[in-house]
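**Q** I'd like to ask some things about the structure below.
The values are calculated or read from the model by the stated rules, or taken from the named source; none is laboratory data. Being a predicted model, the structure only gives us computed values, none of them experimental. Note that we place each Cβ from the backbone using ideal geometry, even for glycine, and neighbour counts take in every protein chain shown. For the accessible areas, the whole protein counts, side chains as well, though only heavy atoms, and no ligand, DNA or RNA atoms are used. Shrake-Rupley method; radii C 1.70, N 1.55, O 1.52, S 1.80 Å.
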Amino acid sequence: MSIFRVKTTEARVGVVGLYSAGKTVLLTSLINHLQDHDPDRFPLGKPGTHLRKFTVKEPDRGWAQFNYSGHRDALVNYGRWPSKTTDRAQFVCQFERSDWTFSDCLLKLYDLPGERIADAGMLGRDFAAWSERMLNLFVNDSTYRTCTAPFLDAIKKPGVTEAELLSTYRLALANLILNFKPLISPSTFLLDLKGQPARPAAPEDLAAARHCGIDAQSQFGPLPADLRSGGTELFESFSSRYNQYVEQVVVPTIAAYRSCTSLIVLVDVTMLLAGGVGMYDDNRQIVRDLFDVLSPGENKLFGPVARGLSKVFLPHQWRPGWITRLAFVAPKLDLVHPLDRDRMQLLTRRMVERFATDRDGLQHQFFNVSSVVSTKALPTEPGGGRVLVGTPLRGADGRKVPSTSEQRFTASELPDDWPLEWPSGRYAFPEVYPRMPTRKDYPPDQVNLDKLATFVIE
Ligand SMILES: Nc1nc2c(ncn2[C@@H]2O[C@H](COP(=O)(O)OP(=O)(O)OP(=O)(O)O)[C@@H](O)[C@H]2O)c(=O)[nH]1
Ligand SMILES: [Mg+2]
């Protein structure tokens, strides 16, 4: 630290979003741009800002190290996207920036498997309240009703056994996955604690292969009021397994985000349009749940003035932390044609802005971002399709194909607003192989990641 840099400002930035939303790719690209900073390619903060003395630090106790070099290596040396995240991870680094005269920056970045955010609704709820909430959802929505029908029948059956309840609940979860519904809770059904994700299979096979709980012995599902009353054995055991699950899985993953200073919420508009209205509804519900449990906004005890003072006068590890900046990000901007890119941001705004404006003391902004630009656009003739050039990841049958040469392909035109109803498959935004410069110190081309970083690292 130079003699003028008398303090360290700690920025804790959490990234949340559904599975495959682009969290890990975004963090990998961001770290690469900070570490090998080039002010022309990644303008951060005030114009001309330079970064120096970038050092990687150990993660906090209890956190796994975010595998930055592994993810970057996959991109650069193997032409592959990073593998899916199986556990929460943290990346800590420290650097000086020329626009901060008296302080250097200690940056902590948080990543999690997207599946886990479906459990956010468990925080602050006991088993009875969680049960009520899930059952309300199942009964009041037609897709849920259809997918969960065997379970809804089972809970009405006199003398129903634990085994029957659990197998029908697992079948319900399997049906929801196959109907592109991401609100799968307990999320270990989709991604277990050993990091094994559910593999595509028929619903019955999926239900037989997976478990809903910490492990096969600790499964639970929601129970209706009559099965909960009178402290039945079933209620006691489901309730204690639920509590154990919340303590072991949900609190360490989700509650840790409460102490972030900024939160990046990824809303993958391309995935929601491709997945259908059910996926949109669930993602919106999940963001709402996250807001309820993370309570972003100014802390009631310390107003903005106290927060400002604490930043200057308290040692960084003493400073109270809470989320005061919220960035809504539509990722994978390069998968839509440039003509539609403003619409992408508008769609995000229409979907989630209310959650932020309803809160005091929260600054929020919208960004459409490409973390690793992997396509080029061709000009569109009037009335013509949205043609992009890139290396498609999948063939016409949906299976992954080896990386070949670049080709032209068509992406859907984005609507002006979310339709009232749309089936899965109406919109398509083909995934592509990443385009990464091979030179180790040359970070990928990005769009708006620099603006996002300027907003969240403050
Ligand atoms: N074209 C393009 N595709 C991207 C970009 N970012 C992410 N993707 C695609 O999205 C996929 C998922 O990205 P990840 O960063 O692994 O997603 P995640 O949110 O970490 O997902 P989980 O680990 O499952 O929670 C990648 O494999 C790419 O196919 C981008 O900037 N451009
Ligand atoms: Mg990930």
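**Q** I'd like the antiparallel share, as a percent to the nearest 5, of DSSP beta bridges with both residues in the chain.
**A** Numbers: 24 of 49 bridges.
For the chain, the DSSP antiparallel bridge percentage is about 50.
**Q** Moving on to the next point. What lysines could a cross-link reach from K156, if we take a straight Cα to Cα line under 20 Å and drop same-chain neighbours fewer than 8 places away?
**A** Straight-line reach from K156, under 20 Å: no lysines qualify.
**Q** Roughly speaking, what is the stretch gain from K7 to D215, that is 0.36 nm per residue apart minus the C-alpha to C-alpha distance, in nm to one decimal?
**A** 70.3 nm
**Q** Another question about this same structure. How far apart, in nm, are two points set 7 Å out from the Cα along the Cα-to-Cβ line at R354 and at A225?
**A** About 2.7 nm separates the two model spin labels.
**Q** Extending each Cα 7 Å along its Cβ direction at D38 and K440, get the distance between those two points in nm, one decimal.
**A** 1.7
**Q** At a probe size of 1.4 Å, how large is the accessible area of W130, to the nearest 10 Å²?
**A** That residue has around 0 Å² of solvent-accessible surface.
**Q** Karplus couplings for region 9-16 from phi (6.51 cos²θ - 1.76 cosθ + 1.60, θ = phi - 60°), rounded to Hz, Gly and Pro as x?
**A** Working through the residues one at a time gives 9, 9, 10, 10, 10, x, 10, 10 Hz.
**Q** Among K7/K451; K23/K451; K7/K108; K7/K57; K332/K451, which pairs are too far apart, with a Cα-Cα distance over 19 Å? It would help to have the intermediate numbers written out before the result.
**A** Numbers: K7/K451 25 Å; K23/K451 16 Å; K7/K108 16 Å; K7/K57 17 Å; K332/K451 15 Å.
Pairs exceeding 19 Å: K7/K451.
**Q** Scan region 176-278 for trypsin sites (Lys or Arg not before Pro) in coil per DSSP, keeping those whose Cβ has at most 15 other Cβ atoms within 10 Å, and list them by number. The partial results should precede the final answer.
**A** Details: sites: K194, R210, R228, R241, R258; in loops: K194, R210.
The qualifying sites are K194.
**Q** I would also like to ask the following. Before anything else, pin down the relative contact order of the chain: Cα pairs under 8 Å, at least 6 apart, normalised by residue count, whole percent.
**A** For the chain, the relative contact order is 19 percent.
**Q** Another question, then. Need the full-extension length gain, E233 to Q248, defined as separation in residues times 0.36 nm minus the C-alpha distance. One decimal, nm.
**A** Net length gain for the segment: 3.2 nm.
**Q** For region 426-435, just list the computed ³J(HN,Hα) in residue order, Karplus coefficients 6.51, -1.76 and 1.60, θ = phi - 60°, integers in Hz, with x standing in for Gly and Pro.
**A** The phi angles translate into 5, 9, 9, 10, x, 6, 10, 6, x, 10 Hz.
**Q** Applying 1/(1 + (r/R0)^6) with R0 = 60 Å to the Cβ-Cβ distance of E458 and R394, what FRET efficiency is obtained, to the nearest 0.05?
**A** 0.90
**Q** Hey, can you list the DSSP H helices of the chain whose Cα span along the axis is 30 Å or longer and whose average Kyte-Doolittle score is at least 0.0?
**A** Sorted by number, there is nothing, because no helix extends far enough and scores high enough.
**Q** Could I have the simple spin-label model distance between E421 and D73, label points 7 Å from Cα toward Cβ, reported in nm to one decimal?
**A** 5.1
**Q** Can you tell me the length gained on complete extension of the stretch R288 to V447, counting 0.36 nm per residue apart and subtracting the Cα distance?
**A** Full extension of this stretch gives 54.5 nm more.
**Q** Mean separation of Cα pairs under 8 Å and 6+ residues apart, divided by the residue count of region 1-115: what relative contact order is that in percent?
**A** Answer for region 1-115 is 42 percent.
**Q** Still on this structure: In the calculated pair distance distribution of the chain, what percentage of Cα-Cα distances lie above 35 Å?
**A** In whole percent, the share of Cα-Cα pairs in the chain beyond 35 Å is 34.
**Q** For region 117-252, report the accessible area per residue in Å² (1.4 Å probe, heavy atoms, rounded to an integer).
**A** Each residue of region 117-252 exposes 43 Å² on average to a 1.4 Å probe.
**Q** Right, here's the next one. Cut-off under 16 Å on the C-alpha distance; same-chain residues fewer than 8 positions from K400 excluded. Which aspartates and glutamates are left, in chain and number order?
**A** Qualifying aspartates and glutamates at Cα under 16 Å: E431.
**Q** For region 323-330, just list the computed ³J(HN,Hα) in residue order, Karplus coefficients 6.51, -1.76 and 1.60, θ = phi - 60°, integers in Hz, with x standing in for Gly and Pro.
**A** 7, 10, 10, 10, 10, 8, 10, 8
**Q** Chymotrypsin sites (Phe, Trp or Tyr not before Pro), restricted to region 361-450: which are DSSP loop and have at most 12 other Cβ atoms within 10 Å?
**A** Passing both the DSSP loop test and the Cβ count: no residue.
**Q** For G276, which sequence-distant residues (separation of 5 or more, or a different chain) have an amide H within less than 5 Å of its own amide H, given hydrogens modelled in the peptide plane?
**A** G425
**Q** Also, quick follow-up: L266's amide H: which non-local residues (gap 5+, or another chain) put their own amide H closer than 5 Å, with H modeled 1.01 Å from N in plane and none for Pro or chain starts?
**A** When sequence neighbours closer than 5 places are left aside, the close amide H contacts are V16, G17, V329.
**Q** So if we plug the beta-carbon distance of T101 and T55 into 1/(1 + (r/R0)^6) with R0 = 25 Å, what FRET efficiency do we get, rounded to 0.05?
**A** 0.80
**Q** Follow-up question, since we're still on this one. Students often get this wrong: which residues of region 430-458 have the backbone nitrogen under 19 Å from the point 7 angstrom along Cα-to-C-beta of K46?
**A** 451, 453-458
**Q** Let me ask something else. What do you get for Rg/Rh over region 117-252 if you use C-alpha atoms and the Kirkwood form of Rh?
**A** Result: Rg/Rh = 0.92.
**Q** Another question, if that's okay. Given a cut-off of under 8 Å on Cα pairs at least six residues apart, what relative contact order in percent is computed for region 117-252?
**A** 30
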